[in-house]
Amino acid sequence: MSSANRTTEVVVCLKWVFQADEPSDARFAGMSPADHAALELALQWATHIGGQVTAITVGPAQADAVLREALACGATRAVRIDTANGVSSADVASAIASVARHAAWVWCGDYSIDNGSGSVPGYLAAALQASQALGVLGVTFESGSIVATRRVDGGRREVLDVQAPAVISVEGATARLRRASLTAMRAAASAPIEVVAPSIVMRTSEHIAHTYRPRARALASPTGAEALDRVRSLTAAGTSSAAHEVETLEPADAAARIVQTLREWGYL
Amino acid sequence: MTLGNFLETMETAEFRVHPEAHIVVDGAICADCTTRECVVACPANLFVPTSAGGIVFNYEQCFECGTCYLVCTQAGAITWNYPAGGHGVVFHRT
Amino acid sequence: MNENVNENVNDCDVIVVGGGPAGSCAAIVAARAGLSVVLLERGPFPGSKNMYGGVVYPRILDELIPNWWEEAPIQRWVTRRSTMLLTDTQALTVDFRTEAWGKAPYNGATAYRPDFDHWLASHAEAAGAQLLTSTTVTGLLRDDKGVVVGVTTDRPDGDLRARVVIACDGVNSFLAKQAGLYTHTDVKHFTLGVKETLALPKEVIDERFGVRGREGVDIEIIGCTGGVNGGGFVYTNLDTVAVGVVLKIAKLAGQALRPEQIIATLKAHPAIAPLIEGGEVKEYSAHVIPEAGLAMMPKMISDGMLVAGDAAALCLAAGIWLEGVNFAMASGMYAGEAAVEAVRAGDVSAQGLRGYQRRLSDTFVLQDHRKLRRAPELVLSDRVQHLYPQMVANVVERMFRIDNPQPKPGLRRILKQERKRAGIRRRDLIRDGLTGFRSYG
C-alpha cells in the first residue's frame, strides 16, 4: 500500500465467528451477515473508484476461511493478524490499524453475531485518525465520497457525507454478498495469505471487559404506608422523567463530562 | 402431536434460507387435484391447502428430501430444484 | 470421443459430485492415484445435507484408511442389536449382544452423518482432492456425441470440465436421470425416513439400554408404523437417542397420519416410551431412501460418467440388514478405481469404464443385492407389515400365558388358530417363508 494511491486503497475487516449454538465447531463458523455486507460494499466501492480491496482478519489459522471467501469474491490481497480468538476490541483495532494505516476507506460489519459490541470500527477510526460512519443502513456512491445513512435514536436517521480517510460499519441488510465464481473459488483455495504477528501484545477481552452494571449502593428503605407507595419511591415511577441537565460543551469536554457522570452513576 | 409441538420440533433444524424459492408449486394445477398426497407426505408439513382451493408451499423449512415430487400425481405441479449452494437445511446431529 | 479437444479444456481429471460417503471414497481413490480431482458439495460442508437410520458398517474402509476406528468420529460401537416386533400393545424382541463388536476391529457404529461424512471428506482433501463447498451442480456438460465432459454449477463462470464425472449426488440423482441412466422413477421404490434426535444424559442412556462406555444399541422395529408400510428404529448416540421411522411414500399418501405423528405413536408405545422418556428433541430430520434394491437400479456407466451410492440406488433395505453407507463407500471406491484405470488407459468411454461394473459384480455390492433382490418387497408387503406381527405376537403371548387349570396347548394348534384369526392363508405363509428362506438362508 503506497501512499501514492492512498485515496483508492480499500480495506474490509472480517471476523471469523462461531455460530452461537456450536461455539467451538469450525464447520459452522464463518462471517457474520454484517461482514458479508461490508465485503460486498467494499468490492463495489473499489470498482467505483478504481481501487482494490484488501481483506484483513484478526484470528487463528482457521480464520483464513473468511479471507479465502473474500479472495474468491474479488479481494486482491488478504492479511491475517495471527492471534487467538477473544482479543479485546481496542487491541484488534490497533492491530488492524498498523496493517491498514494507509487505507483511505475501511469497511466493517457493524456487529459480529458472537455478541459483538460493534466497538472495533470506532476504535479503528480513532487509531487511523479517520472519520467514522457507524451502524450504516444504506450508502450512495458519489464521485470520491459516500453518502451514508445511519440509524440514530428514536427511529431517526442521520445522513453523512463521508470523505476519506473513513471507517464505515454497515448493517447486515445493506447489501447481499455476490456469489463467487467457480474459477475464483478454485484460485482462492491456494492463493497466498499474508500472516503477520500483531504489532502489540494482544489482551483478551476477558482481561478488560466487564459487565456494565451499576455498582451496588446502599439505599435507605423506602418509606410510605402503602406497598404501592414504597414501590413508587423505589422505582421513581409516576414522577417526571429522571433528573437531567443540559450543558453545552466542546466535544472533548463533553466526552469527559459523560465519562464522569457514568462513573458517578456506577457504570464505569 | 399437535401443530404447535411440531412447529417447535421444526425449529430444532437449521435452515439457511435463500431469498428465492428452490421449489415452486403451481397453485392452478393443485386446485384441480383432489388427492393432495403432498399435504400428508411432506415430512416438514410445508404444503398447506388454502381456503381458495389451492396449495401454498413454504420453502423455507424444506429438508430437500424429494418426497413431494415423488408422491405428486399432477404433471407439472411441482418444479423441484436444490437450493443455491450453501443454502437450505444444515444438519448438526443426525 | 474426441480426446484431444477435451484434453485442452479439462479443468481436472475427475469431478466427483457430492461429498457423501460415496463421493469422498471416490475422490480419495482417484486423488491418491495422482489424478487431479475436484469434489463438489452443495452444502456448506460435507455431511450437512445427510441423515440416515443410524448405523454405519465401515469394514470396507480397512482398505482405504487402516485403523479407521482410531480416528473416525463415531458415537458408540453397536454391541447390542435388537429386532423388535410391535403390535399396539405387544412387543417381541430378539436381542443379541457381543463383546467382540466393542473392540477392534469393530463391526457397526452409530455416528452423526455431519461428523462422519465431514471426516471422510477430509481424507479426500488430504489425498489432494480439491473440495469446493456451497456449490450445487445443476447439470451435465456433454459434447456433440453425448459424451459427458463435465458439469454445470450454480456459480458464475460455473462450468467445470473433466475426463470422468462420478455422480454421487444422492437419492434424487438428477445427474443420473439427465444422463438417461434411469429408465423411470417410480414412487413405489422409495421410502421416507424421518427421525428425532433426543438429548438424554449419557448415564441415563447407559442405564436404560444396558450398556457402558462406548457400547451402543441399535433396535430395528417392524409393525410400528400404523397403516403405512415401513419400519422403525431406535439407537443410541453418546448423549442422544435417535428414534425414527421409515415409511413407504406411496402408502403414506393415502393415510391420515403424517410422518411426525407416526414417530409420536412409536415414541408413545409402551415398549419404547420408557427408553426415551424425558428426551428433548435436539434435531428433527428427514431424507428419502432408495428402498427397492435391484428392482430400481439404474445403469451405472455411460460415456465419461459413473454413478455411485444412493444415486445408483445402492442401499440395502432388506429387513434384518439395513445398510447404505457401506454400499456407498464401496461403490465410490470402485468408481474411483475404474476412473483411474480409464484415465490411465486414455479411454473414458463406457467401454473404458467397465471396470466399475466388474468390481460391483464381483463384490458384496451387487452380490448382496442379487441374493436379497426379493427381500425389500417381502419386508414391505402388507402381510409382513400388518398381519404377521399380530399373529406372531399372539402366538408368543399364548405360549407364555398360563391358563391353569387348563393344560398348555400345543404350539402347532396355537399357530393354526392364530394364523386363521389373522386372516392369513396357509399358502401365502408358505410362499413368504420360502421367499424369506431363499433371501436370507
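The values are calculated or read from the model by the stated rules, or taken from the named source; none is laboratory data. This structure is a prediction, so every number in the text was calculated from the model and none was measured. Note that we place each Cβ from the backbone using ideal geometry, even for glycine, and neighbour counts take in every protein chain shown. SASA here: full protein model, heavy atoms, side chains in, ligands and nucleic acids out. Shrake-Rupley method; radii C 1.70, N 1.55, O 1.52, S 1.80 Å.
Across peptide C:49-62, the mean count of Cβ atoms from other chains lying within 10 Å of each residue's own Cβ comes to 1.
Pop the C-beta distance of C:T89 and A:D161 into the FRET formula with R0 = 56 Å and round what comes out to the nearest 0.05. Walk me through the numbers on the way to the answer.
Values: r = 77 Å, r/R0 = 1.38.
The computed FRET efficiency comes out at 0.15.
Note on region A:67-175: antiparallel DSSP beta bridges, both residues inside, total approximately 55 percent of the bridges counted.
Comparing A:S119, A:S98, A:S233 in a Gaussian network model of chain A, where Cα atoms under 10 Å apart are tied by springs, the biggest mean-square fluctuation is seen for A:S233.
Each chain gives up part of its surface: A and B jointly bury about 600 Å² of accessible area, both sides summed, for a 1.4 Å probe. Is the shape of region A:3-208 rounded, prolate or oblate, going by the alpha carbon gyration tensor and its root eigenvalues a ≥ b ≥ c, with a/c under 1.5 for rounded and a/b larger than b/c for prolate? Taking the square roots of the gyration eigenvalues as a ≥ b ≥ c, region A:3-208 is rounded.
Counting only other chains, and only Cβ atoms inside 10 Å, what mean value do you get across the residues of B:40-48? Kindly include the intermediate steps, with their values, before the conclusion.
Details: counts 10, 13, 5, 15, 6, 3, 0, 0, 0.
Across B:40-48, the average partner-chain Cβ count within 10 Å equals 6.
The Cβ shell under 11 Å around A:F18 holds other residues with a net charge of -2, Lys and Arg each +1, Asp and Glu each -1. Once you reduce region B:41-82 and region A:151-165 to the center of their Cα atoms, the two points are 45 Å from each other. For region C:147-184, a drop of 40 Å² or more in accessible area on going from the chain alone to the assembled protein chains (1.4 Å probe) is found at C:D154, C:R155, C:P156, C:D157, C:N172, C:F174.
With distances taken between every two different alpha-carbon atoms, chain B has a Kirkwood hydrodynamic radius of 14.0 Å.
Sort region C:34-191 into rounded, prolate or oblate with this rule: let a ≥ b ≥ c be the square roots of the eigenvalues of the Cα gyration tensor; rounded if a/c is under 1.5, and if a/c is not under 1.5, prolate when a/b is larger than b/c, oblate otherwise. Oblate. Which of A:A197, A:A188, A:A125 moves most in a GNM of chain A, Cα contacts under 10 Å? Between A:A197, A:A188, A:A125, it is A:A197 that shows the largest mean-square fluctuation. Surface exposure of the protein assembly as shown, expressed per residue as accessible area with a 1.4 Å probe, stands at 45 Å².
Based on Cα coordinates alone, diagonalise the gyration tensor for region C:190-290, multiply each eigenvalue by 5, take square roots, and list the semi-axes in whole Å, largest first. Kindly include the intermediate steps, with their values, before the conclusion.
Working: eigenvalues 126, 31, 27 Å².
Gyration-tensor ellipsoid for region C:190-290: 25, 13, 12 Å.
Give the peptides C:322-335, C:153-166, B:43-56 in descending order of average Cβ contacts within 10 Å, highest first. Each step should come with its number before you reach the end.
Working: C:322-335: 27.2, C:153-166: 22.9, B:43-56: 16.1.
Highest-to-lowest ranking by the protection proxy: C:322-335, C:153-166, B:43-56.
Each Cα pair under 8 Å and six or more residues apart adds its sequence gap; the mean of these over the residue count of chain B is a relative contact order of 40 percent.
Could you tell me which of rounded, prolate or oblate describes region C:381-440, using a ≥ b ≥ c as the square roots of the eigenvalues of the alpha-carbon gyration tensor, with rounded for a/c under 1.5 and, failing that, prolate when a/b is larger than b/c and oblate otherwise? Here region C:381-440 falls in the prolate category.
Note on chain C: GNM, Cα springs under 10 Å; of C:V241, C:V281, C:V217, the largest mean-square fluctuation is that of C:V281. Compared with the direct C-alpha span, the chain from C:R413 to C:A273 gains 47.0 nm at full extension, assuming 0.36 nm per residue. Would you mind checking the tilt of helix C:325-345 against the longest principal axis of the Cα atoms of chain C, expressed as 0 to 90 degrees and rounded to 10? Between helix and principal axis, roughly 20 degrees.
If I take every Cα pair under 8 Å that is 6 or more residues apart in region C:212-263, average their sequence separation and divide by the length, what percent do I get for the relative contact order?
Result for region C:212-263 is 29 percent.
Taking every residue in A:19-29, how many Cβ atoms of other protein chains lie within 10 Å of its Cβ, on average?
That works out to 3 on average.
Could you work out what % of the accessible surface of region B:22-85 is carbon and sulfur, using a 1.4 angstrom probe and leaving DNA, RNA and ligands out of the count? C and S atoms contribute 54 percent here.
Just add up the charged neighbours of A:S94: K/R +1, D/E -1, any other residue whose Cβ is under 14 Å from the Cβ of A:S94.
On the way: positive: A:R101, A:R203; negative: A:D91.
Residues near A:S94 contribute +1 overall.
Spin-label model, C:R354/C:R212: points 7 Å from Cα along the beta carbon direction are separated by 5.7 nm. With the simple spin-label model, which puts each label point 7 Å out from Cα in the Cβ direction, the C:D403 to C:I430 separation comes to 2.7 nm. Compared with the dominant Cα axis of chain C, that is its longest principal axis, helix C:411-421 is turned about 70°.
Helix C:426-440 and the longest principal axis of the Cα set of chain C meet at an angle near 40°.
Buried between A and C is an accessible area of approximately 1300 Å², summed over both sides with a 1.4 Å probe.
Just order C:174-185, C:419-430, C:54-65 by mean Cβ neighbour count inside 10 Å, highest at the front, would you? All intermediate terms of the calculation are to be shown ahead of the outcome.
Details: C:174-185: 17.5, C:419-430: 13.1, C:54-65: 20.2.
Ranking the peptides C:174-185, C:419-430, C:54-65 by packing returns C:54-65, C:174-185, C:419-430.
For the pair B:A75 and A:A61, label points projected 7 Å from Cα toward Cβ lie 5.8 nm apart. Of the GluC sites (Glu not before Pro) in region B:1-52, the ones in a loop by DSSP (not H, G, I, E or B) with at most 14 other beta carbons within 10 Å are B:E20. With a Förster radius of 41 Å applied to the C-beta separation of A:D253 and A:R176, the computed FRET efficiency comes to 0.45. The trypsin sites (Lys or Arg not before Pro) found in region C:206-308 that occupy coil by DSSP, while having at most 13 further C-beta atoms within 10 Å, are C:R212. Here region C:6-91 is described by how far its Cα atoms reach on the three principal axes: 68, 30, 20 Å, from widest to narrowest. The GluC sites (Glu not before Pro) of region A:88-195 meeting both criteria, a DSSP state outside H, G, I, E and B (loop) and at most 14 other C-beta atoms within 10 angstrom of the site's C-beta, are A:E142.
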